[in-house]
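Notes follow the structure.
The values are calculated or read from the model by the stated rules, or taken from the named source; none is laboratory data. Remember, it's a predicted structure, so these values are computed and weren't measured experimentally. Using ideal geometry, Cβ is built from the backbone for each residue, glycine included, and neighbour counts are taken over all protein chains shown. Heavy atoms of the whole protein, side chains included, go into the accessibility calculation; ligands, DNA and RNA do not. Shrake-Rupley method; radii C 1.70, N 1.55, O 1.52, S 1.80 Å.
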Amino acid sequence: MEAILDQYTSVDASKVTDWFKAASVSAFPNNGGACIKYKGKQIAVFRFDRKNKWYACQNLCPHKMEMILSRGMIGDEAGVAKVACPLHKRTFSLETGENLNGDLPAIAVYPVKIEDGFVFVGFAE
Amino acid sequence: MATKILIIGNGMVGYKFCEKLVAKTEPADYEITVFGEEPRPAYDRVHLSEYFTDQSEENLQLASKGWYEENGITLHTNTLVAQIDRTAKKVKTHRGKEYLYDYLVLATGSYPFVPPIAGSDKSGVFVYRTIEDLDQILAYGKKVATEGSGQAAVLGGGLLGLEAAKAVKDMGLKAHVVEFANWLMPRQLDEQAGEVLKSTIEKLGISVHTNKNTTLIGGNGKMTHMEFKDNSKLEVDMLVVSAGIRPRDELAKACGLEVGPRGGVVVNEQMQSSDPNIFVIGEAALYNDMIYGLVAPGYEMAEVAVAQIIGAEKTMTPEVDMSTKLKLIGVDVASFGDPMGTSEPTHSITFEDKLAGVYKRINISEDGKRLVGGILIGDAEDYNMLLQICQNGMKLPENPEDLILGARGEGTSLGNVLDLPDTAMICACESVDKGSICQSITEEGCETVKAIAKCNKATTGCGGCKPMVNDLLVETLKSMGKTVKQKVCEHFPYSRRELYDLVRVKGIKSYDEALDTIGHGDGCEQCKPALASVFATVYNETAVRQETIQDTNDRFLANIQRNGSYSVVPRVPGGEITPDKLIAMGQVAKKYDLYTKITGGQRIDMFGARLDQLPLIWKDLLDAGFESGHAYGKALRTVKSCVGSTWCRYGMDESVSFAIEMEERYKGIRSPHKLKGGVSGCIRECAEARCKDFGVIATESGWNLYVCGNGGAKPKHAQLLAENIDNETCIKYVDRFLMYYIKTAQPLQRTAAWLEKLEGGMPYLIDVVVNDSLGIAEELEKDMQALVDTFSCEWREVVESPELQQRFRHFVNTDDTDDQMAFVPMRDQKMPAPWK
Ligand code: SRM
Ligand SMILES: Cc1cc2nc3c(=O)[nH]c(=O)nc-3n(C[C@H](O)[C@H](O)[C@H](O)COP(=O)(O)OP(=O)(O)OC[C@H]3O[C@@H](n4cnc5c(N)ncnc54)[C@H](O)[C@@H]3O)c2cc1C
Ligand code: SF4
Ligand code: FES
């Protein structure tokens, strides 16, 4: 199980080697998330229409190791964009990956950019 | 140079010492090193039994390894300190490494005492103190359940033993408690209380054997039975020993510190041992000739030791409070002050209700002016208040028996929390008194229990003081002339009721619009579902329209399960179903390989569907004539029925017909929490209608309508709203009642909890619903009728819309399904692969 967790490490926007063209913008719900597959990995992508921002993180919740975060509700805590795991409501910052309401290990976060109506997620591998 | 502090033992008290030390000092001044024998950082032993339910170490953890690092503390787990050299001021670990100290803190705790009974070394005999102990008990218990007799015993009927027995029972084993004394919890309870407790525990299915002196643990290698002095025998394959604790003073003894005759390192009120540079705290310390097997005194000791080291004032209170409340087991048991009333001349007042398993005793001082102590079994709701009255020597009511019997007439005899003196200790774990709590409200501006916790840590220990802190909060705010604002969350400074009014009055149509007009930020997982529920009430929109503000279950119109799969529950109104429909459901379950089970709500749940399968499954179910059962929503679940007068020889009326009518009427309606109904055909109450949010029971001359009951975590019987009414009146009252509740309750507040907070209580509710005292009855009925008239099955919406079905794909960039979702076989069906 731990091995799965190791597959996911945060990528800094300046270190991206592969901007993966994931899907068109319309494939993602407004103010919500959906999951994409990249080289066998599951990545949750969230769309914050209110501030016109996109975030991506591992789909795997480090609490019970379920592939589930993309189905969580999103929002903010004191201005920091976050996602709440649908299973037990652990919340994670989408900016740093940090667990905001507990001390679970941080989740991996990935940069996202939008070009020509398509969503690109940045990887470095 | 930095002062070197070494702490031996990383248990609850050792951790608390670290926490208090870093909070009060600058990192540069102290070099802190902690040694713990256990393989992980300190965890919450008090809640150890919860590990049986979730096997989550992390839920028990007090602080992560990262916390120690961040605070500049070097933590060596898996490290036993083997020796202390007091002259050279150094310690040696079992690996032979040496460390110097300026101050040494012993927080080595205690070990479980195993009485010298022949055979106690046999396999199957366990103790109950660490996570490793529990892992072993779990593994062995599984074997006993499947391959052995399924019988297990706990030696010792004290606080901990009973907790262990409940855990053993929850593992599916038949549990026995074996106690040497004549009754349970002999140290905290008198005989009468012990007897009441015994019968309550036996009702839970745990056998109690008192007055048993164990002479042998028998078996060949593996234990198979216990033998007692009275020549009786008990056949059990597993034994958990919980016969008391012994302080771990071996290191102290070896280096020549003074220890008590029965163990424990002698300390003064500064928590210093006979060597002033060595402090001893927690269960290893012998203070006032006593070892305190409770965490609160240990925490206070930690605070004292920190104060002494940094040169502050604090010393240990001369009299340590040993009041306790048993947790977890599902029986209220509490003792406070001097429970037996032997410390001074007292007279006691007792109250016993054998049938209900309630026993209460209070000891009153001879002059009748003070409460000295007492015992509560079966109903410990007033524990916190009685404890305060006792500890603070507060004035007693004219008839002291009112303390346990309740005042006859209006109001409570326990008085207002604000009458407590400022020094009253409210949170014993974190030693926060009433004064500090009120100050955090009046001066720091705290307006929630959470904010108070952040300010002074109250409620963050065992949590037992939460109700009292909440009462203090409400009363203090009231006294400041503030109404207590029940804010939904940081994004909306309104209660759910206010949100409802605002949405309606301002005609707010969407969540986004709500944020724009009356809220701010991006929202969160609290305000989103709360507003979704409000929109559902005001516009009767289904969960399909604004899907991303719904909780996951509502967003995907199914109940999420452990491995991220979903369950499907079609509606079966009143629990009545034709053979054809049963067959159809079976065929669907078979086709998609779903685990099936009859639920507690008279219908069938099909588990293990992948997200992408949900629309396909529902297409088949709709074709067979089913509709959504809303098991996923805060909405009407089921109206449970008994078979009633159509078949039953006692039936007074057609309960099934009426249950179906009500289920069809209220289905799909969203509310602050789930709603359940029940209809019984006669007073025998086979439909358990009085355990429901609304329940009706047929009488010779109509229906009796009860409201605001529930089972679940805090069972409450529903209360009578109206008697002997006909079907039409009954529906009218239920319409009004439900609509009034839906409009005014807090998010996730069920009807019983709502009624509890409703000023005026049941008489007021009757006035509103039956007598229309507010003049809103017509409006309530009209609003309800509007919801009923606009019902639509949200699964039909999805099945008829290819666009909506797109939402049910696991990935948006491929049609692959989730390859991480795993199932394992179980009894000819399947289940999710268990969590690690
Ligand atoms: C499936 C079922 C258990 C079963 O196999 O029998 C069940 C399953 C769940 N119950 Fe229940 N409850 C089920 C009958 C009950 C009953 C019995 C009844 O309805 O007669 C009760 C006690 C009666 C009552 O509600 O007053 C019950 C009291 C609860 C509670 C405690 C509610 C309370 O007010 O204290 C929760 C927790 C909550 O809702 O916050 C809960 C929560 C849940 C959740 C939602 C837990 C969760 O978050 O996953 C489970 C959903 C599983 C699923 O996928 O359906 N379930 N649950 C039953 C479904 C009934 C149905 O047909 O819809
Ligand atoms: C199941 C259970 C339920 C309980 N319920 C309650 C309750 O409801 N209320 C309540 O107040 N109390 C309760 N208690 C008691 C409470 O847990 C203890 O009072 C508390 O844990 C004592 O803390 P401590 O730090 O003194 O000891 P511990 O928590 O036992 O910590 C001592 C630590 O020191 C380590 N150690 C010992 N010697 C060495 C050495 N030489 N080198 C390195 N490490 C060493 C031990 O391995 C251990 O990890 C319960 C206890 C149990 C087991
Ligand atoms: S079904 Fe209900 S009682 Fe059973 S485990 Fe789930 S929530 Fe608990
Ligand atoms: S699995 Fe995500 S919070 Fe539990």
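Find out how many positive minus negative residues lie around residue B:801, taking Lys and Arg as positive, Asp and Glu as negative, among other residues whose Cβ is under 13 Å from that of residue B:801. Taking every other residue near residue B:801 into account, the sum is -1. Percent of Cα pairs in the range B:274-313 per distance bin of 5 Å, from zero to the largest separation: 6, 25, 30, 25, 13, 2. Here the label points at residue B:310 and residue B:539, each 7 Å from Cα along the C-beta direction, are separated by 5.5 nm in the simple model.
Taking the Cα atoms of the range B:242-363, the ratio Rg/Rh between the radius of gyration and the Kirkwood radius comes to 1.08. What share of Cα pairs, in percent, lie more than 18 angstrom apart in the range B:645-724? Summing the P(r) tail past 18 Å for the range B:645-724 gives 38 percent. Between residue B:801 and residue B:723, the distance separating the two model label sites (each 7 Å from Cα on the Cα→Cβ line) works out to 5.0 nm.
As a length-normalised measure over Cα pairs under 8 Å and 6 or more apart, the relative contact order of chain B settles at 6 percent.
Rounded to the nearest 0.05, what FRET efficiency is calculated for residue B:25 and residue A:78 with R0 set to 30 Å and r the Cβ-Cβ distance? My answer for the efficiency is 0.55. Stretched out straight at 0.36 nm per residue, the stretch from residue B:216 to residue B:623 would grow longer than its current Cα-Cα span by 139.9 nm.
When B and A come together, around 3500 square angstrom of accessible surface is lost from both chains combined, probe 1.4 Å.
Taking the DSSP bridge list for the protein assembly as shown and keeping only pairs wholly inside it, about 70 percent are antiparallel.
Across the options B:765, B:285, B:100, the greatest Cα extent toward the positive end of the charge dipole of the protein assembly as shown (unit charges at beta carbon of Lys, Arg, Asp, Glu) belongs to B:100. Sorted into 20 angstrom bins from 0, the C-alpha pair distances of chain B split as 13, 38, 38, 11, 0 percent.
Carbon-plus-sulfur fraction of the accessible area of chain B, 1.4 Å probe, in percent? Heavy-atom surface of chain B belonging to carbon and sulfur, 1.4 Å probe: 48 percent. Work out how much length residue B:1 to residue B:290 would gain on full extension: take 0.36 nm times their residue separation and subtract the Cα-Cα distance, in nm to one decimal. Extending this stretch completely gives an extra 100.3 nm. I want the local charge near residue B:106. Using Cβ-Cβ distances under 10 Å, sum +1 for each Lys or Arg and -1 for each Asp or Glu among the other residues. Net charge in that neighbourhood comes out at 0.
In terms of its alpha-carbon gyration tensor, the range B:737-798 comes out oblate; a/c meets the 1.5 threshold, while b/c is at least as large as a/b.
For residue B:59 and residue A:106, FRET efficiency with R0 = 22 Å and r from the beta-carbon atoms, rounded to 0.05? Rounded to the nearest 0.05, the efficiency is 0.75.
Shape descriptor for the protein assembly as shown: Rg over Rh equals 0.97 (Cα atoms; Rh from the Kirkwood inverse mean 1/r). Taking the Cα centre of the range B:216-255 as origin and assigning +1 to Lys and Arg Cβ atoms and -1 to Asp and Glu Cβ atoms, the resulting dipole is close to 160 debye.
Cross-link partners for residue B:16 among the lysines, with Cα-Cα distance under 21 Å and sequence neighbours closer than 8 places in the same chain left out: B:4, B:24, B:65, B:314, B:450, B:454, B:457, B:466. Remark: relative contact order (the range B:191-347) = 12 percent; criterion is Cα-Cα distance under 8 angstrom and separation of 6 or more residues.
Figure legend: label point modelled 7 angstrom from the Cα of residue B:132 along Cα→Cβ; residues of the range B:25-62 with amide N under 14 Å from it are B:36-41.
Distant-in-sequence amide contacts of residue B:424, defined by a placed amide H-H separation under 5 Å and a gap of 5 or more residues or a different chain, comprise B:434, B:435. Each residue, residue B:268 and residue B:170, gets one label point 7 Å from its Cα in the Cβ direction; the gap between the two is 4.5 nm. A dipole drawn for the protein assembly as shown from +1 and -1 charges on Cβ atoms has a positive end, and of B:744, B:294, B:128 the residue lying farthest that way is B:128. Only aspartates and glutamates eight or more places from residue B:122 in sequence, or on another chain, were considered; those with a Cα closer than 12 Å are B:237. Would you tally the net charge around residue B:700, using a Cβ to Cβ cut-off of less than 12 Å, leaving residue B:700 out, and scoring K and R as +1, D and E as -1? Spelling it out: positives minus negatives among the neighbours equals -2.
Set against the 2.2 N^0.38 Å expectation for a compact globular protein, the range B:483-611 has a Cα radius of gyration ratio of 1.35.
The alpha carbon gyration tensor of the range B:682-760 gives principal lengths a ≥ b ≥ c with a/c of 1.5 or higher and a/b no greater than b/c, which makes the shape oblate.
For the pair the range B:85-125 and the range A:32-50, the centres of their Cα atoms are 51 angstrom apart. Could you check how much of the accessible area of chain A is carbon and sulfur, as a whole percent, using a 1.4 Å probe? In chain A, the share of accessible area belonging to carbon and sulfur is 48 percent. Summing Cβ point charges (Lys, Arg +1; Asp, Glu -1) relative to the Cα centre of chain B gives a dipole of roughly 1580 debye. Over chain B, DSSP H runs of length four or greater, each weighted -39,500 (n - 2.57), average out per residue to a 222 nm ellipticity of -9000 deg cm²/dmol.
Farthest toward the positive end of the dipole of the protein assembly as shown, out of B:375, B:109, B:784, is the Cα of B:109, where the dipole comes from beta carbon charges about the Cα centre.
Quick check: the distance between the Cα centres of the range B:610-681 and the range B:265-302, to the nearest angstrom? For the range B:610-681 versus the range B:265-302, the Cα centre distance is 60 Å. Going by the alpha-carbon gyration tensor, a ≥ b ≥ c the square roots of its eigenvalues, is the range B:50-135 rounded (a/c under 1.5) or, if a/c is not under 1.5, prolate (a/b greater than b/c) versus oblate? Oblate, since a/c reaches 1.5 and b/c is not below a/b. In the range B:287-361, which GluC sites (Glu not before Pro) are in a loop and have at most 16 other Cβ atoms within 10 Å, using DSSP for the loop call? Listed in order of number, the matching sites are B:313, B:319. Here the calculated FRET efficiency for residue B:354 and residue B:828, from their Cβ-Cβ distance with R0 = 35 Å, stands at 0.15, rounded to the nearest 0.05.
Within chain B, DSSP assigns beta bridges of which about 60% are antiparallel (rounded to the nearest 5).
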